[in-house]
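Notes follow the structure.
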Amino acid sequence: MAKFSWRKATLVAAVVPMLALSACSSTGGKPADSGNAAGGGQVATTERMKIALITHAPAGDTFWDTVRKGAEEAAAKDNVELLYTGDPEAGRQAQLIEQAVDQKVDGIAVTLATPDALKDALKKASDAGIPIVSLNAGESVATQLGAFTHFGSNEQLAGQAVGTKLADGGFKHPVCVIQAQGHVGLEARCAGVKTKVPGTEILYVNGADMTSVESTATAKLQASTDADVIIGLGAPITLTLLKSVSTAGSEAKVASFDLNKELAQKIADGTVLFTVDQQPWLQGYSAVDALWQNKRGGFNIGGGQAVLTGPAIIDQSNAADVLKFAEQGIR
């Protein structure tokens, strides 16, 4: 895979060999896979521990299936009971954190899309002596909220990577589509694009309703005839934007963040320009494994810094290589 060459943030290697046996216990979301996830190996002989993974995942977004799959594989290897829950509503996510504290879990992995709404619940976890790691969203505030490390992409940097690639391609009037207003990571992505292509416009849509996403984006493209590229901040959004471009009769190209199998195929066949991947399987796996490592030996992976899992640009030159992993559900 082509790597993003001008990454400036700290990158800490934290990948542990995958030795999973079977899916762990879990609650909420997509049913856990059963059977041998990684072809054999031994479960850790350490004392059984319980970890809560709490995300802001909306229903039906395959991105979070990939996060969860990585977390389940780490949990199977590490002799961890994984309690997976998710809710896109910030207040409900805070309640899920408090429930995990009441359950006396041994660790909490959490996404920080709306950090202000979660800070009180996370303080309760810290006060209870429960180790915390964050993943996917909220890298800039993770340590303030009690996480000893964060696994994810630097979203501002990822946005700049997209902006640089678009600028190099001669694009001047991008439309950057945010599907959840106030989500710190999504806002940072579009802000990063705008630093490199000042003509970037922000379009807010309701990501919980794909029909609404399509109609809002179609109307925008019909009204903004100078728009030369439209950017989705997640694979399902981007695939919907392809329909908007067609319906609007627009000549705008389509670019993306994140990845799933269908999007990888669209990039391979040239329908979508490129995407910037943050490698969600690795986020889920690393978050669970880091909490196990912390209990195992008091290890704090990352040394107080974020562990970057992206950005990694996937375009037509390398999409076929990535597609084989996407077909396995790990990209």
TODO: Return a yes/no flag: does the stretch 58-72 have any residue that is surrounded by fewer than 17 Cβ atoms within 10 Å (Cβ to Cβ) and either in a loop (DSSP other than H, G, I, E, B) or at pLDDT below 85 (or both).
DONE: yes
- [ ] Taking residue 214 as the residue in question, decide whether it is assigned to a helix (DSSP H, G or I) and in contact with a Lys or Arg (Cβ under 8 Å, 6 or more places away or on another chain).
- [x] yes
TODO: Sort out which residues of the stretch 106-133 are in contact with a strand residue (DSSP E or B) (Cβ under 6 Å, 6 or more places away or on another chain), under 15 Å from residue 55 (Cβ atoms) and assigned to a loop (DSSP other than H, G, I, E, B), and write them in order of number.
DONE: 111, 112
- [ ] From the list 165, 220, 194, 172, pick out the single residue that is more than 20 Å from residue 277 (Cα to Cα), part of a helix (DSSP H, G or I) and open to solvent by 10 Å² or more (accessible area, probe 1.4 Å).
- [x] 220
Open item on the list: Given the criteria farther than 16 Å from residue 127 by Cβ, in contact (Cβ under 8 Å) with a residue 60 or more places away in the chain and touching a helix residue (DSSP H, G or I) at 6+ places or on another chain (Cβ under 9 Å), does residue 112 qualify?
Closed with: yes
Open item on the list: Just to verify a result, which residue in the stretch 47-57, among those that are of a type in the set (A, V, I, L, M, F, W, C) and not in a loop (DSSP other than H, G, I, E, B), is surrounded by the most Cβ atoms within 10 Å (Cβ to Cβ)?
Closed with: 53
Task: Pick from the stretch 240-263, criterion open to solvent by 20 Å² or more (accessible area, probe 1.4 Å) and in contact with an Asp or Glu (Cβ under 6 Å, 6 or more places away or on another chain), ranking: nearest to residue 153 (Cα to Cα) - done: 261
TODO: Working carefully through the options 320, 235, 326, 306, find the one that is at pLDDT below 95, touching a helix residue (DSSP H, G or I) at 6+ places or on another chain (Cβ under 8 Å) and open to solvent by 30 Å² or more (accessible area, probe 1.4 Å).
DONE: 320
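So is residue 75 in contact with a Ser or Thr (Cβ under 9 Å, 6 or more places away or on another chain) and not in a helix (DSSP H, G or I) or not?
On the way: in contact with a Ser or Thr (Cβ under 9 Å, 6 or more places away or on another chain): yes; not in a helix (DSSP H, G or I): no.
So residue 75 does not fit the description; no.
Which residues, counting only those in the stretch 73-83, are surrounded by fewer than 24 Cβ atoms within 10 Å (Cβ to Cβ) and farther than 13 Å from residue 107 by Cα? Break it down stepwise before answering.
We begin by selecting, within the stretch 73-83, every residue surrounded by fewer than 24 Cβ atoms within 10 Å (Cβ to Cβ); these are 79, 81, 83.
Of everything in the stretch 73-83, just one residue is surrounded by fewer than 24 Cβ atoms within 10 Å (Cβ to Cβ) and farther than 13 Å from residue 107 by Cα, namely 79.
Based on this model, can you work out whether residue 104 counts as at positive phi, modelled with pLDDT of 95 or more and open to solvent by 40 Å² or more (accessible area, probe 1.4 Å)?
Working: at positive phi: yes; modelled with pLDDT of 95 or more: yes; open to solvent by 40 Å² or more (accessible area, probe 1.4 Å): yes.
It is true that residue 104 is at positive phi, modelled with pLDDT of 95 or more and open to solvent by 40 Å² or more (accessible area, probe 1.4 Å).
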- [ ] Can you tell me which residue within the stretch 113-161, out of those that are over 28 Å from residue 176 (Cβ atoms) and in contact with a Leu (Cβ under 7 Å, 6 or more places away or on another chain), is surrounded by the most Cβ atoms within 10 Å (Cβ to Cβ)?
- [x] 133
Task: Evaluation of residue 200 against (1) farther than 13 Å from residue 228 by Cα; (2) in contact with a Lys or Arg (Cβ under 6 Å, 6 or more places away or on another chain); (3) buried (at least 19 other Cβ atoms within 10 Å of the Cβ) (one fails), failing number - done: (1)
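Scanning for something assigned to a helix (DSSP H, G or I), within 24 Å of residue 163 (Cβ to Cβ) and of a type in the set (Val, Ile, Thr), does the stretch 313-322 turn up at least one residue? Steps first, please.
Keep residues of the stretch 313-322 that are assigned to a helix (DSSP H, G or I), which gives 319-322.
Filter once more, keeping what is within 24 Å of residue 163 (Cβ to Cβ): 319, 322.
Narrowing further to those that are of a type in the set (Val, Ile, Thr): 322.
Yes, the stretch 313-322 contains a residue that is assigned to a helix (DSSP H, G or I), within 24 Å of residue 163 (Cβ to Cβ) and of a type in the set (Val, Ile, Thr).
The values are calculated or read from the model by the stated rules, or taken from the named source; none is laboratory data. Quick caveat: nothing in here was measured; it's all calculated off a predicted structure. Note: ideal-geometry Cβ built from the backbone for every residue, glycine included; neighbour counts use all protein chains shown. Only protein heavy atoms, including side chains, enter the accessible area calculation; ligands, DNA and RNA are left aside. Shrake-Rupley method; radii C 1.70, N 1.55, O 1.52, S 1.80 Å.
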